[in-house]
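Accompanying notes for the structure given below.
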Amino acid sequence: MDSPAADAVDDLLRPLVPQVVGVLTRRFGDFAAAEDAVQEALIDAAAQWPDEGVPANPRGWLIQVAYRRMTEQVRNEQARRRREELVATRESSDRRTAPPADDAYETDRDDTLTTLFLCCHPALTPASAIALTLRSVGGLTTAEIARAFMVPEPTMAQRISRAKQRIKASGIPFRMPAPQERARRLGSVLHVLYLVFNEGYASSAGPDLQRVELSREAIRLTRMAHDLLPDDCEVAGLLALMLLTDARRPARTDPGGTPIPLAEQDRSLWNGAAVAEGVALVTATLSRGAVGPYQLQAAIAAVHDEAATAEETDWPQILALYGLLERMSDNPMVSLNRAVAAAMAHGPEIGLDMLRTLGADDRLADHHRFYTARAHLLEMAGDRRAALDDYRAAASRTTSAPERDYLTTRAARLTTPNQPELSPNGLPTLFGTCQAGQGDTSERVEEIPTEGYGHEA
């Protein structure tokens, strides 16, 4: 869809997807079949609505069309004989039928969060949960998801199909988990949304620095979760982190797509409304009791966003926040970020001493972020030869083309005579985010904001 009318239809359809999936799943008791039927209804809507106009009750229209599609599947596909028998039994017992297109169907019930919890069930791998969430809650087609993750469409279709079958085999009922179970599953939900945003804001592979449609979708879904769980501080913290990170997107690249380090960005291009909303969210959550990792990451991002210039960044405060975060997590990226913050607050030698210890951690030993951080600190300390070697090592390990180009450029700069030394306030940063690393999402070392050397988040 590429016309203004088609874009408007697409914006309308996406939030309706989980609601319609929920209606059919509750009626038929089969999430996999319901999701397939809704996808077919979306195709019909995308083809008809831009030309014929949006129906008075779009949700009712989608329910009716998806219901028909699901019934056709039950009747015509031999492989779904069991579902046909189940539907026949249920219909003979309660005689329920599809609602008229313009007749509201349980308008006071929104199944979006229920569907999100189902798609992010801990039984699924992060890669499968991301794909299923983007399709069943985000409304993206299989082809769109495959393009976003640069895999063939049949591969992505297989991944989604396996995820749905695993949910079906588990016998998980379609209902919001009880409070205790919901609390256990909420971490998986937030983690999947976090990974979706990361991949959109700083692509782990390929020619583009970012995939805006993924980061926007993550923000939309997280905002939806916050609307439905307004009192959960970590949901609010994650939304704040995304807003504060995404606010910098207009200044992250030049017109040719080349990354611009945080310290060199034109801060007047940052989205002031997103910064204000993110700061307000994290300020409110931090005052309400126990603090979680997403809130701390958002607080770090807020410190950066509130600095009028790079020189005014409150590095001691950032260092303290990373210290708190390190106590909560065994994530080596937290320790890496803390080392960089220490270097910015107290000088590069302090940070380099901390990196010598971190270098023994197998999870970081061959990770490009470790070499990037060390290269920047070595350059700050004036050891150009060692910094050059680490820039080259980092460039050889990243799968992101823009990141590799940036690192190669940094290395080339050090081979040019009479280049000025870096001052602490001039320390360049890369362009990552609270990014989850590289490669398949199920195998990543989770990363968090590292504005001091390489993550803008």
Seminar exercise, completed: Residue pairs within 8 Å by beta carbon, gap of at least six or interchain, first lying in segment 208-221 and not assigned by TED's automatic domain parsing to the domain that holds residue 259, second surrounded by fewer than 21 Cβ atoms within 10 Å (Cβ to Cβ) and hydroxyl-bearing (Ser, Thr, Tyr), listed first then second, are 209/253
Exercise. Of (1) in contact (Cβ under 8 Å) with a residue 40 or more places away in the chain; (2) under 28 Å from residue 143 (Cα atoms), residue 237 satisfies all except one. Which?
Worked result: (2)
Exercise. Looking at residue 182, is it in contact (Cβ under 8 Å) with a residue 60 or more places away in the chain, of a type in the set (D, E, K, R), surrounded by 13 or more Cβ atoms within 10 Å (Cβ to Cβ) and farther than 21 Å from residue 36 by Cβ?
Worked result: yes
Exercise. Is segment 296-303 home to any residue that is more than 22 Å from residue 282 (Cα to Cα) and assigned by TED's automatic domain parsing to the domain that holds residue 239?
Worked result: no
Seminar exercise, completed: Of the residues in segment 124-173, those that are among the acidic types (Asp, Glu) and in contact (Cβ under 8 Å) with a residue 60 or more places away in the chain come to 144
Exercise. For segment 254-276, what are the residues that are in contact (Cβ under 8 Å) with a residue 12 or more places away in the chain, of a type outside the set (Ser, Thr, Tyr) and either not in a helix (DSSP H, G or I) or not assigned by TED's automatic domain parsing to the domain that holds residue 306 (or both)?
Worked result: 257, 259, 260, 261, 265, 266, 270, 271
For this session: Quick one: in segment 52-76, of everything that is in a loop (DSSP other than H, G, I, E, B) and not aliphatic (A, V, I, L, M), which residue is surrounded by the most Cβ atoms within 10 Å (Cβ to Cβ)?
Result: 57
Problem set entry | Residue that is surrounded by the fewest Cβ atoms within 10 Å (Cβ to Cβ) [pool: residues in segment 127-145 that are part of a helix (DSSP H, G or I) and of a type outside the set (Gly, Ala, Ser)] | 144
Exercise. Can you tell me which residues in segment 330-374 are at pLDDT 90 or above and among the polar types (S, T, N, Q)?
Worked result: 335, 337, 357, 372
Exercise. Is there a residue being surrounded by 24 or more Cβ atoms within 10 Å (Cβ to Cβ), touching a residue at least 24 places away in the same chain (Cβ under 8 Å) and either in the same structural domain as residue 264 (by TED's automatic domain parsing) or under 25 Å from residue 242 (Cβ atoms) (or both) anywhere in segment 350-358?
Worked result: yes
For this session: Would you mind stating whether residue 49 is modelled with pLDDT of 70 or more, over 27 Å from residue 159 (Cα atoms), crowded, with 20+ Cβ neighbours inside 10 Å and out of contact with any helix residue (DSSP H, G or I) (no Cβ under 6 Å at 6 or more places or on another chain)?
Result: no
Exercise. Restricting segment 221-253 to residues that are part of a loop (DSSP other than H, G, I, E, B) and among the aliphatic types (A, V, I, L, M), which is nearest to the chain's Cα centre (by Cα)?
Worked result: 247
For this session: Would you be able to say whether some residue in segment 310-321 is modelled with pLDDT under 95, touching a Gly at 6+ places or on another chain (Cβ under 9 Å) and part of a helix (DSSP H, G or I)?
Result: yes
For this session: Output the number of residues of segment 172-220 satisfying the condition of being assigned to a loop (DSSP other than H, G, I, E, B) and aromatic (Phe, Trp, Tyr).
Result: 1
Exercise. Tell me, which residue of segment 232-274 that is in contact with an Asp or Glu (Cβ under 9 Å, 6 or more places away or on another chain), of a type in the set (Val, Ile, Thr) and farther than 30 Å from residue 184 by Cα is modelled with the highest pLDDT?
Worked result: 260
Exercise. Can you name the residue in segment 146-156 that is outside any loop (DSSP other than H, G, I, E, B) and of a type in the set (A, V, I, L, M) and is also modelled with the lowest pLDDT among such residues?
Worked result: 148
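The values are calculated or read from the model by the stated rules, or taken from the named source; none is laboratory data. Since this is a predicted model, take the numbers as computed values, not measurements. FYI the Cβ positions are ideal-geometry reconstructions off the backbone, even for glycines, and counts take in every protein chain you see.
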